[in-house]
Amino acid sequence: MRVEDLDRSRVRPGIEEAQLSDLRAIGLGWDGPLVRQSERMELYEEAIERLDADGLLYPCYCTRAEIRAAASAPHGISAADRYPGTCRELTAAQRAEHEAAGRPPALRVRSEDVRIAFEDRLLGRIEEEVDDFVVRRNDGTPSYQLAVVVDDARQEIGEVVRGADLADSSPRQILLARLLRLPEPTYAHVPLVLGPDGQRLAKRHGAVALSDRGEGADEVRSWMARTLGLAKAGETPSMEDLIARFEPHRLPREPTVWSPDTAV
Ligand SMILES: [Zn+2]
């Protein structure tokens, strides 16, 4: 079990507790001790130092707005998020100028625009050109990409199963694992539960924590099982039943839409 709490601006007291208790209530447990990213800064820093020692990082002084403006050329869906390489070849004098202006730099990895391909267990082959992405933000926080690659290796994660919204991150993470000479996990990206507006289900769609709902944990688990084709209407299968029925290749490829009046 890993608590991804690096973004301190988004951490609220009590949330970790509530999420873990929701997981326990629906019958999900975990092996080994709980790992909190906020307590593993030295491990991430050590990985960043290794990349830097190999000459694979450079400082980037761009603001988000500058990157958006420079990346306006229409080439692919994630074009707005791709880094155009502005700071890749800055001279020492240019860097000094930015430093003098008081702009703290982020650190980016030199991807050499490499193409990374992998076989997703559900989505099939995914191939993408990786940009020079951030490994340390300009406030000193390690990036999500860097932290999960270090943690996946440390926690000996062989197969990453996660929401389809993170499929785009996998080529970056595979590249980082290679640059850090860490083992590469395999991937399965599963369809999300969406809100009525077609966006990823979130707090703004109404009460979505188990404790905010009138139903019991068994009903919620049964609803989730039905959306995965693992249970029939009106049936309340146990966790053991669900494990026995689980076949990764039979998982749906389409998202499930949830609304506040969805009967579970
Ligand atoms: Zn830059």
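The values are calculated or read from the model by the stated rules, or taken from the named source; none is laboratory data. Note that this is a predicted model, so its numbers are computed, not measured. Quick reminder, even Gly has a Cβ in these numbers, built from the backbone with ideal geometry, and neighbours come from all protein chains shown. Each accessible area value is taken on the protein alone, full model and side chains, heavy atoms only, with ligands, DNA and RNA left out. Shrake-Rupley method; radii C 1.70, N 1.55, O 1.52, S 1.80 Å.
The table for this structure:
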read-out	value
With at most 14 other Cβ atoms within 10 Å, longest stretch of the chain clear of loop chymotrypsin sites (Phe, Trp or Tyr not before Pro) (DSSP)	31-245
Rounded, prolate or oblate (a/c below 1.5 giving rounded, otherwise prolate when a/b exceeds b/c) for region 113-158 by Cα gyration tensor	oblate
Global geometry of the chain, whether rounded, prolate or oblate, following the gyration tensor of its Cα atoms and the 1.5 cut on a/c	prolate
FRET efficiency estimate (nearest 0.05) - Cβ-Cβ, residue 199 to residue 36, R0 30 angstrom	0.60
Solvent-accessible ranking of 189, 249, largest area first, probe 1.4 Å	249, 189
Surface accessible to a 1.4 Å probe, per residue, for the residues of the chain, Å²	58
Free-standing Cys residues across the chain, given no other cysteine C-beta under 4.7 angstrom	62
Between helix 41-53 and the chain: long-axis angle, C-alpha atoms, 0 to 90°, nearest 10	40
FRET E, pair residue 253, residue 63, Förster distance 41 Å, beta-carbon r, rounded to 0.05	0.60
Mean separation of Cα contacts under 8 Å (6+ apart) over length of the chain, as relative contact order %	16
Rounded, prolate or oblate (a/c below 1.5 giving rounded, otherwise prolate when a/b exceeds b/c) for region 1-154 by Cα gyration tensor	prolate
